[in-house]
1. Within 10 Å, count the other beta carbons around each residue, average over each peptide in 300-311, 381-392, and list them highest first.
2. Under the 0.36 nm per residue contour assumption, what length would be gained going from the current alpha-carbon distance of Ser106 and Asp364 to full extension?
3. Could you calculate the FRET efficiency of Gln144 with Gln82 from 1/(1 + (r/R0)^6), where r is the beta carbon distance between them and R0 is 41 Å, rounded to 0.05?
4. DSSP beta bridges in region 225-338, what fraction antiparallel, as a percent rounded to 5?
5. Kindly identify region 303-369 as rounded, prolate or oblate by the Cα gyration tensor criterion: order the square roots of the eigenvalues as a ≥ b ≥ c, call it rounded if a/c is under 1.5, otherwise compare a/b with b/c, prolate if a/b is larger, else oblate.
6. Enumerate the whole-percent occupancy of each 10 Å bin, from 0 to the last occupied one, for all C-alpha pair distances of region 131-219.
7. So what's the net charge close to Ile80: Lys and Arg +1, Asp and Glu -1, counting the other residues with Cβ under 13 Å from its Cβ?
8. Based on the alpha-carbon gyration tensor of region 325-440 and its eigenvalue square roots a ≥ b ≥ c, which shape applies: rounded if a/c is under 1.5, prolate if not and a/b is larger than b/c, or oblate?
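The numbers here are math on the coordinates, done by the rules we state, and not lab data. Source: prediction; values computed, not measured. When we count neighbours, we look across all protein chains shown, and the Cβ atoms used for this are built from the backbone with ideal geometry, even at glycine.
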Amino acid sequence: MGGLRQNPHVSGLKRIKDMTPQNSSHRLRHAVALILAFAVGIVTGIAVDRQTVSEIIRACTVPRKAVPDFRLMAEAWNTIQQHYVDRAAVKPRHMAYGAISGMVNSLGDTGHSTFLTPNMVKEERESLRGQFAGIGIEVQMKKQRLVIVAPIDGSPAQKAGLQAGDIILEVNGHSIAGQPINKVVGEIKGRPGTHVSLTVLNPKTGKLRVFHLVRAHIRLSSVTWHMLPGTHIAHVRIALFSKGTARGLAAAISAAQSRGAKAVILDLRNDPGGLFDEAVSTASLFIKHGNILLEKNVRGQIHSVPTHTGTPKFVIPMEVLVNSGTASAAEIVAGALRDAGRASLVGQTTFGTGTVLEAYPLSDGSALVLAVQEWLTPHGRSFWHRGITPNHIVALPAGVNPLQPQLEHGMTPLQLQHSKDTQLLEAIRLLQRKPDAPHR
């Protein structure tokens, strides 16, 4: 994906680093074998007739009722092979990937369950290690439109002014209407130093803009912080839940406290999520007892995920900033802190990515990413497709981007007050009104 990461592939993916065949369930491995057996038969250029399909199905012990559907797929495949006039466009592997993508899309779990090509799998791993190449945006299909979940800190996309919620309409001047997300991702990604243009609609203002971007190597700093000028409040931001995020957050808060911080604003705005275990570990830093989240399976059974014991616990007063770019693992943390009464949420309703995604590898390095459980907050609230509504709803003024810790170096108290980051200013005000308020 080259720095254009499809949010659900990262957010909530519990086994992104462990995508090997032996880690998949026998049942799903069996189903995958069927898909691949069918694909291999027709990729070789053999006309798959009814007998061949039946042999494939018998070998994979697929229910008999599936035979007509596989015959239908073979019929369509062979018709394309024999009659489609643009011969250069008939690429067996692309057709196979398109068929698998179509199967996943038919589930209706838009923006969550999906199919990853081998390159996408590789780039997901790289992104969770903290570096990748591209323009640096998270995207997801929402109501048949390609929506930017969040721009990545320091990326070409963020520097150019792309914002969470923006809708991509064209790539390099060509409409993407009706195109599958994988194809659009392929058009936007590319080598560092190359150019791409995006035509983007801002749904709040109704304005169209064309962004000319240069792809680049992107290095993620998962945790950054700075003492807010004129206060004893540390502004701590998590850009992505990658490996080591919880450890980095604990170190940041400890450093802030050693420099006089008496309160923390945890900034999860435009945080698209990341590793599930890091989210649980992060919330556990602030919650002594109870659950971080609940998981509901297909049978409606509820499994609780408790806070980690034996980890450092920070009792420092805090508020949490969220917005429409706060997704998945970041929503887990926000929901846990709110339900535990550990902090209130300030900002706007979060994105609404609330499923456990399991990655099931296929033999060529591609993978099926399937929603297998739904997340609930500790109080049993679902946020899948709904998001989490903050305690204090505060919108940023049009055209204003959230302040980030690295931008606050050298800023004066007066400049902070005039920054127009109304969400951050509201969090400061709330902290300073508490009985144990940090003094200026």
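1. Ranking the peptides 300-311, 381-392 by packing returns 381-392, 300-311.
2. 90.6 nm
3. Step by step, r from the Cβ atoms, then E = 0.80.
4. On the way: 8 of 18 bridges.
Antiparallel bridges make up about 45 percent of those DSSP assigns within region 225-338.
5. Judged from the Cα gyration tensor, region 303-369 comes out oblate (a/c at least 1.5, b/c at or above a/b).
6. Per 10 Å bin, starting at zero, the Cα-Cα P(r) for region 131-219 comes out as 18, 57, 24, 1 percent.
7. On the way: positive: Arg87, Lys91; negative: Glu75, Asp86.
With Lys, Arg at +1 and Asp, Glu at -1, the neighbours total 0.
8. The shape class here is prolate.
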